[in-house]
Amino acid sequence: MIDATGPGLPVVRHWGVELADADAQRVGRGLGEPLPVNSPDPPVPVSMSPEASAGYMGRPGLRGHRAGKSWSSSFTLTGVDVSNALATFTALDHRAELELVTEVELTSSALARVRHRLTNRGSTPYVLDGLEVALPVPPHADEVLDFTGRWARERHPQRRPFDHGAWVRENRRGRTGHDATIGLIAGTRGFGFTGGEVWAIHVAWSGNHVTYSQRLPESQPILGGGELLLGGEVILAEDETYSSPWIYAAYSDQGLNGMSAAFHRWLRARPHHPGPERPRPVVLNTWEAVYFDHDHDRLRGLAEVAAGIGVERFVLDDGWFAGRRNSSAGLGDWHVDPDVWPDGLGPLVDYVDELGMEFGLWVEPEMINPDSDLFRAHPEWVLGPAQGVLPVTGRRQQVLNLAHPAAYRYILDRLDQLLGEYNIAYLKWDHNRDLIDAGHEGHASVHGQTLAVYRLLDELRRKHPRVEMESCSSGGARIDLQILEYTERVWASDCNDALERQAIQRWTGLFLPPELVGAHVGPPRSHTTSRTHDLSFRMATAIFGHLGLEWDLLTATDDERQQLRQAIALYREIRSLLHTGTVVRGDHPDPSAWVHGVVSEDRSTAVFAYVQLTTSVDAVPAPWRMPGLDPHRSYRVTVLEKAGRPATTGRVAPAWFSSGEIEAGGRVLGAIGLTPPILAPEQALVVRLDSVGGFPH
């Protein structure tokens with residue numbers, strides 16, 4: 001609820017539970033606040049762009065200056081326009097000669113999004129240092145949850161009290177980042193998946209960004225964020241405008257599950273979202289199968305086995321282009337290597353087509369190796385602090401400056417020609433290093449590079465609308481809602497270890513629905529952790545995303561191939577449910593086990609997993625409660641064994657598990673639960689629930 005009755009910037013009076021009209025009007029006018037001693041005389045409003053000129057002593061929404069002057073803003077509201085679900089507020093600062101437009105959109109999914117647009121109305125340049133959105137939360141939000149990570153271990157939670165001061169998460173990596181927080185969540189004490197009030201924000205930007213929470217002794221707590229601008233990166237000329245990233249915001253009085261559902265509903269409502277009319281094809285990616293060892297006959301054999309077990313998309317990973325026999329050379333030379341592929345990619349592409357699969361290809365267009373023909377011809381196309389000065393290498397590569405018109409045109413033309421020459425249905429678009437000292441013509445240029453990437457992706461989509469793209473970035477280092485405006489899925493992590501993936505997918509899935517999150521079954525022994533897992537556990541983990549394989553199937557046994565064939569058939573049978581239903585997670589009392597599932601929109605069917613991560617301190621497991629079911633229905637619970645039964649350690653299993661099914665009411669399953677078998681660690685049990693009737697209300 002926004003109050004735009006004052007002379008200054010609009011103020012959010014209420015963000016939370018829905019109010020009756022009369023109550024909303026009272027709150028919208030403000031209920032009055034006491035004034036403490038030793039504070040500004042007038043009440044201090046906390047707008048969506050807080051201002052020091054109004055007496056606010058925290059982080060200002062706008063930071064900038066004109067050669068050291070006009071460093072403090074004081075906006076006056078000049079216009080309000082409300083059209084359907086979009087409210088636009090226009091304000092002017094006559095002294096600083098700036099115009100600020102704030103857009104607030106309320107979506108049908110219960111998700112809101114906010115952004116600012118700043119225009120320089122003066123005749124001299126305005127140096128913009130930061131423009132961020134701030135949203136207030138009530139004082140009873142007294143805990144904060146955010147996320148951190150690293151390569152192969154992305155998006156792990158960290159939780160703390162919402163104390164006085166600021167908790168500021170800055171990302172300066174030039175991409176979204178392995179360690180960046182996918183969201184910042186404030187909540188009431190003890191909030192969980194199924195209970196408590198939560199307020200969440202997400203900064204939709206794929207470059208440098210900041211997300212923060214702040215609580216001052218004399219003002220309302222806030223969550224905020226925006227793009228993190230480097231010095232001199234944005235200098236606005238007269239009448240030039242800068243737009244901040246969208247900040248997405250969700251409130252839930254039903255814990256994290258309610259917040260998650262709002263993000264999922266919004267993403268699924270987008271016109272370009274890969275919905276049920278385009279089922280997510282089962283993928284085989286060749287990276288962990290062959291790495292750089294591209295042999296046509298071996299790859300044909302791999303494709304044949306893949307098609308035989310039900311794979312629907314075959315993706316040729318790194319190593320197909322000129323000079324690319326290892327990771328130290330070739331990036332930028334986007335021509336098929338004639339030494340490896342004397343007849344081009346055509347024979348393999350055609351064979352994959354004949355087998356009934358789509359063909360996909362790996363690219364890394366934003367990068368360049370110093371050992372490449374492109375670098376030798378155009379060293380000036382590298383992002384750097386000054387002409388002729390190169391940043392330190394990362395993964396033996398530099399970053400191609402896509403803000404350079406000639407470099408941009410070269411990459412666009414090469415990709416356009418590749419997609420025109422071959423029947424390519426899918427690009428795995430990688431980005432394998434952070435941006436360091438990223439400059440263009442002597443100025444910092446992470447902002448310009450990020451916009452150029454968006455423009456490149458958008459232009460390729462217009463030219464090749466049927467080609468799907470994946471955002472991969474050393475695994476999961478570029479996952480945000482803005483990159484998803486141009487891509488159809490993300491690669492959650494380079495780690496295919498099923499145990500690690502349980503956590504990575506759990507927390508990535510808090511914001512993204514399963515059909516957008518690539519999840520692959522790796523070989524028995526993980527290439528990133530050296531752990532060994534049963535196929536049943538690997539499949540039970542991957543099936544709750546966009547399923548794929550990353551495994552040299554030529555080395556798989558006949559039994560393993562048969563298990564894969566059965567499990568893929570199961571995925572194809574239930575993927576419409578998994579990719580349209582409501583994702584739920586349970587607050588299980590034993591931290592050694594996790595509970596999650598997907599419930600159909602009409603709550604007639606569901607798929608749930610009980611995941612035993614480690615051994616438990618308890619000899620007998622706690623009941624397995626399944627949230628989100630219809631309490632007035634009865635369900636048949638069936639054990640899904642197509643990928644193999646999980647290993648157990650108990651002497652006697654529950655009767656329902658031994659028989660393979662049981663009938664129970666939704667209220668019983670949600671409130672009391674089923675006693676699970678005693679699973680060995682790193683095992684998972686998957687069940688399907690189908691409604692078999694209702695109970696009288």
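The values are calculated or read from the model by the stated rules, or taken from the named source; none is laboratory data. Since we're looking at a predicted model, the values are computed, not measured. Using ideal geometry, Cβ is built from the backbone for each residue, glycine included, and neighbour counts are taken over all protein chains shown. Calculation scope for accessible area: heavy atoms of the full protein, side chains included, ligands and nucleic acids excluded. Shrake-Rupley method; radii C 1.70, N 1.55, O 1.52, S 1.80 Å.
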From the options GLY122, GLY130, residue that is open to solvent by less than 60 Å² (accessible area, probe 1.4 Å) and assigned to a loop (DSSP other than H, G, I, E, B): GLY122
Of the conditions (1) open to solvent by 10 Å² or more (accessible area, probe 1.4 Å); (2) farther than 30 Å from ALA406 by Cα; (3) in contact with a Phe, Trp or Tyr (Cβ under 8 Å, 6 or more places away or on another chain), TYR291 clears all except one; give me its number. (3)
hydroxyl-bearing (Ser, Thr, Tyr), at pLDDT 95 or above, open to solvent by less than 10 Å² (accessible area, probe 1.4 Å) and not in a loop (DSSP other than H, G, I, E, B), is that true of THR148? no
Six or more apart or on different chains, Cβ atoms under 7 Å: show the pairs whose first residue is in region 212-236 and in contact (Cβ under 8 Å) with a residue 12 or more places away in the chain and whose second is open to solvent by 30 Å² or more (accessible area, probe 1.4 Å) and aromatic (Phe, Trp, Tyr). TYR212/TRP167; SER213/TRP167
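Please tell me if THR529 is without any contact (Cβ under 8 Å) to a residue 24 or more places away in the chain and either open to solvent by 10 Å² or more (accessible area, probe 1.4 Å) or among the charged types (D, E, K, R) (or both).
Taking the combined requirement at face value, the residue does not satisfy it.
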Does LEU535 meet the test of being touching a residue at least 24 places away in the same chain (Cβ under 8 Å), in contact with a helix residue (DSSP H, G or I) (Cβ under 6 Å, 6 or more places away or on another chain), open to solvent by less than 10 Å² (accessible area, probe 1.4 Å) and under 19 Å from VAL687 (Cα atoms)? no
For region 388-420, which positions are outside any loop (DSSP other than H, G, I, E, B) and among the charged types (D, E, K, R)? ARG409, ASP413, ARG414, ASP416
Of all the residues that make up region 421-468, how many are part of a strand (DSSP E or B), more than 30 Å from ASP353 (Cβ to Cβ) and in contact with a Leu (Cβ under 8 Å, 6 or more places away or on another chain)? 3
Mind listing whichever residues of region 193-219 are open to solvent by 10 Å² or more (accessible area, probe 1.4 Å) and of a type in the set (Gly, Ala, Ser)? GLY195, GLY196, SER219
Across region 611-631, which residue is surrounded by the fewest Cβ atoms within 10 Å (Cβ to Cβ) among those that are touching a helix residue (DSSP H, G or I) at 6+ places or on another chain (Cβ under 7 Å) and in a loop (DSSP other than H, G, I, E, B)? PRO631
Would you be able to say whether some residue in region 273-284 is of a type in the set (Lys, Arg), touching a Pro at 6+ places or on another chain (Cβ under 8 Å) and in a loop (DSSP other than H, G, I, E, B)? yes
Among the residues of region 489-508, how many are open to solvent by 10 Å² or more (accessible area, probe 1.4 Å) and either farther than 19 Å from ASP146 by Cβ or assigned to a loop (DSSP other than H, G, I, E, B) (or both)? 5
Wholly within region 1-115, strands (runs of 3 or more DSSP E) carrying at least 2 residues that are of a type in the set (Val, Ile, Thr) and in contact with an Asp or Glu (Cβ under 9 Å, 6 or more places away or on another chain): 76-83, 86-93
Is it the case that region 223-240 has a residue that's under 21 Å from ARG169 (Cβ atoms) and surrounded by fewer than 17 Cβ atoms within 10 Å (Cβ to Cβ)? yes
Log entry, pairs with first residue in region 87-112 being touching a residue at least 40 places away in the same chain (Cβ under 8 Å) and under 16 Å from GLY64 (Cβ atoms), second being in a strand (DSSP E or B) and open to solvent by 40 Å² or more (accessible area, probe 1.4 Å), beta carbons closer than 7 Å, six or more apart or on different chains, reads ALA91/THR76; ALA91/THR78
Of the criteria (1) over 27 Å from ARG572 (Cβ atoms); (2) among the hydrophobic types (A, V, I, L, M, F, W, C); (3) surrounded by fewer than 17 Cβ atoms within 10 Å (Cβ to Cβ), which one ALA664 fails: (3)
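Per-residue answers, yes or no, for (1) part of a loop (DSSP other than H, G, I, E, B); (2) under 23 Å from VAL687 (Cβ atoms); (3) touching a His at 6+ places or on another chain (Cβ under 8 Å); (4) aliphatic (A, V, I, L, M):
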| residue | (1), (2), (3), (4) |
| --- | --- |
| LEU510 | yes, yes, no, yes |
| THR528 | yes, no, no, no |
| THR541 | no, yes, no, no |
| ASP559 | no, no, no, no |
| LEU570 | no, yes, no, yes |
Let me confirm something: among ASP179, ASP142, which residue is at pLDDT 95 or above, within 30 Å of GLN398 (Cβ to Cβ) and open to solvent by 30 Å² or more (accessible area, probe 1.4 Å)? ASP179
PHE162 being within 26 Å of GLN220 (Cβ to Cβ) and open to solvent by less than 20 Å² (accessible area, probe 1.4 Å): yes
If the requirement is being over 16 Å from the mean Cα position of the chain (by Cα) and among the small types (Gly, Ala, Ser), which of these qualifies: GLY187, GLY177? GLY187
Look at GLU312 and say whether it is farther than 23 Å from ILE479 by Cα and without any contact (Cβ under 8 Å) to a residue 40 or more places away in the chain. no
With respect to the numbered conditions (1) touching a Ser or Thr at 6+ places or on another chain (Cβ under 6 Å); (2) not in a loop (DSSP other than H, G, I, E, B), which one is the sole condition not fulfilled by ILE185? (1)
Output for region 375-393, where each listed residue is surrounded by 15 or more Cβ atoms within 10 Å (Cβ to Cβ) and either among the small types (Gly, Ala, Ser) or out of contact with any strand residue (DSSP E or B) (no Cβ under 8 Å at 6 or more places or on another chain) (or both): HIS378, PRO379, GLY384
Among (1) touching a residue at least 40 places away in the same chain (Cβ under 8 Å); (2) surrounded by fewer than 18 Cβ atoms within 10 Å (Cβ to Cβ), the one test that SER658 misses: (1)
What about ARG265, is it open to solvent by 20 Å² or more (accessible area, probe 1.4 Å), among the basic types (Lys, Arg) and part of a loop (DSSP other than H, G, I, E, B)? no
Which numbered condition ASP353 misses (of (1) of a type in the set (Asp, Glu); (2) in contact (Cβ under 8 Å) with a residue 60 or more places away in the chain; (3) in contact with a Ser or Thr (Cβ under 8 Å, 6 or more places away or on another chain)): (3)
Which one of the conditions (1) surrounded by 24 or more Cβ atoms within 10 Å (Cβ to Cβ); (2) part of a strand (DSSP E or B) does GLU170 fail to meet, given that it meets all the rest? (1)
Can you tell me which residues in region 595-610 are farther than 14 Å from GLY673 by Cα, open to solvent by 30 Å² or more (accessible area, probe 1.4 Å) and within 28 Å of the chain's Cα centre (by Cα)? GLU601, ASP602, ARG603
